[in-house]
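Worksheet: one structure, shown below.
The values are calculated or read from the model by the stated rules, or taken from the named source; none is laboratory data. The shown structure was predicted, so the numbers you read here are calculated from the model rather than taken from an experiment. Here the Cβ is made from the backbone with ideal geometry for all residues, glycine too, and neighbour counts use every protein chain on show. Each accessible area value is taken on the protein alone, full model and side chains, heavy atoms only, with ligands, DNA and RNA left out. Shrake-Rupley method; radii C 1.70, N 1.55, O 1.52, S 1.80 Å.
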Amino acid sequence: MAKIAMIFAAGLGTRLRPLTDTMPKALVPVAGAPLLAHVIRRLKGAGYDRLVVNVHHFPEQIHQFLSGHDFGVHIDISDESGLLLETGGAVRHARPLLEGADRFLVHNVDIISDLDLAWFERQWRPEALATLLVSERKTSRYLLFDDDLRLVGWTNVSTGEVRSPYPSLDVSACRRLAFAGIHGMSSKILDVMEDFPERFPIMDFYLQVCDRHPIYAALPEQLRLVDVGKFDSLAEAERLAMEILQDE
């Protein structure tokens, strides 16, 4: 059976301006290659043979890049050039390209990490609608999990805001973990998403359904990861990408 992964590459990359004034975030160079190329290389190395890349911002540049390189894997484009569908809507829209396997992986294009993808796949529980890679890094926004690492909510510790389908949730009893931009999804998620609008964030979806559909965390003992979401993170991403390449 095919191993399928989707790469979120449609974002506007506003925090990476001025680079993204003339190119999509997916093609911002890090350690001599675009972010998209780093993710494709990692996924191919983990045995993924069917990739889906969604596009919106400067889509023609991504089309040109992918058509000009032979990555040795089958790559489909999920076109959102007419309307940016956000992360949840992107998965829903790509359904025809994601079918054919009982589960698939979703990877943000701006994540550089040394995650052992085979280890991550082993954490996917058969009953899980989704499995979220998390870390214990310090941030202002955390996902909330119970003792079994099942998702129960979200909080912003700076504002005190809490979102959860459980009205009486005791936030102090929850494990607070930071999402790391990589998901494992059961194909069943596509049916659940049919009740959602065309455009919606994936985290909003998780927080609305986690009381009815189990969503779990996968917490590695060690993880080097850089979210290339801001201009000042590029230097750190460059260093990590070079270290990963040397280790390989």
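See the values below:
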read-out	value
Residue in the range 51-66 that is under 25 Å from residue 104 (Cα atoms), outside any helix (DSSP H, G or I), modelled with pLDDT under 95 and among the hydrophobic types (A, V, I, L, M, F, W, C) present	no
Residue 111 being in contact with a His (Cβ under 7 Å, 6 or more places away or on another chain) and under 30 Å from residue 241 (Cβ atoms)	no
Qualifying residues in the range 189-230 (those that are of a type in the set (Asp, Glu) and in a loop (DSSP other than H, G, I, E, B)) - the one surrounded by the most Cβ atoms within 10 Å (Cβ to Cβ)	211
Those residues of the range 52-83 which are aromatic (Phe, Trp, Tyr) and buried (at least 16 other Cβ atoms within 10 Å of the Cβ), in sequence order	58, 65
Conditions (1) open to solvent by less than 10 Å² (accessible area, probe 1.4 Å); (2) of a type in the set (A, V, I, L, M); (3) farther than 22 Å from residue 120 by Cβ; (4) in contact (Cβ under 8 Å) with a residue 60 or more places away in the chain: number failed by residue 30	(3)
Residues of the range 78-97 classified as of a type in the set (A, V, I, L, M, F, W, C) and part of a loop (DSSP other than H, G, I, E, B), total	4
Every residue from the range 111-146 that is hydroxyl-bearing (Ser, Thr, Tyr), out of contact with any Leu (no Cβ under 7 Å at 6 or more places or on another chain) and touching a residue at least 60 places away in the same chain (Cβ under 8 Å)	131
From the options 150, 141, 199, residue that is over 17 Å from the mean Cα position of the chain (by Cα) and among the basic types (Lys, Arg)	150
Yes/no for residue 41 being more than 27 Å from residue 206 (Cα to Cα), buried (at least 16 other Cβ atoms within 10 Å of the Cβ) and of a type in the set (Lys, Arg)	yes
Inter-residue pairs, beta-carbon under 6 Å, first farther than 30 Å from residue 192 by Cα and basic (Lys, Arg) and in the range 211-238, second in a loop (DSSP other than H, G, I, E, B) and open to solvent by 30 Å² or more (accessible area, probe 1.4 Å), 6+ apart	224/114
Subset of the range 222-248 that is β-branched (Val, Ile, Thr) and within 21 Å of residue 119 (Cβ to Cβ) - its residue that is nearest to the chain's Cα centre (by Cα)	226
Failed item in (1) closer than 17 Å to residue 105 by Cβ; (2) touching a Gly at 6+ places or on another chain (Cβ under 9 Å); (3) open to solvent by 30 Å² or more (accessible area, probe 1.4 Å); (4) hydrophobic (A, V, I, L, M, F, W, C), with residue 8 passing the rest	(3)
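Residue-wise test of (1) farther than 25 Å from residue 229 by Cα; (2) in contact with a Leu (Cβ under 8 Å, 6 or more places away or on another chain); (3) modelled with pLDDT of 95 or more.
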{"residue": "109", "(1), (2), (3)": "no, yes, yes"}
{"residue": "148", "(1), (2), (3)": "yes, no, yes"}
{"residue": "182", "(1), (2), (3)": "no, yes, yes"}
{"residue": "204", "(1), (2), (3)": "no, no, yes"}
{"residue": "212", "(1), (2), (3)": "yes, no, yes"}
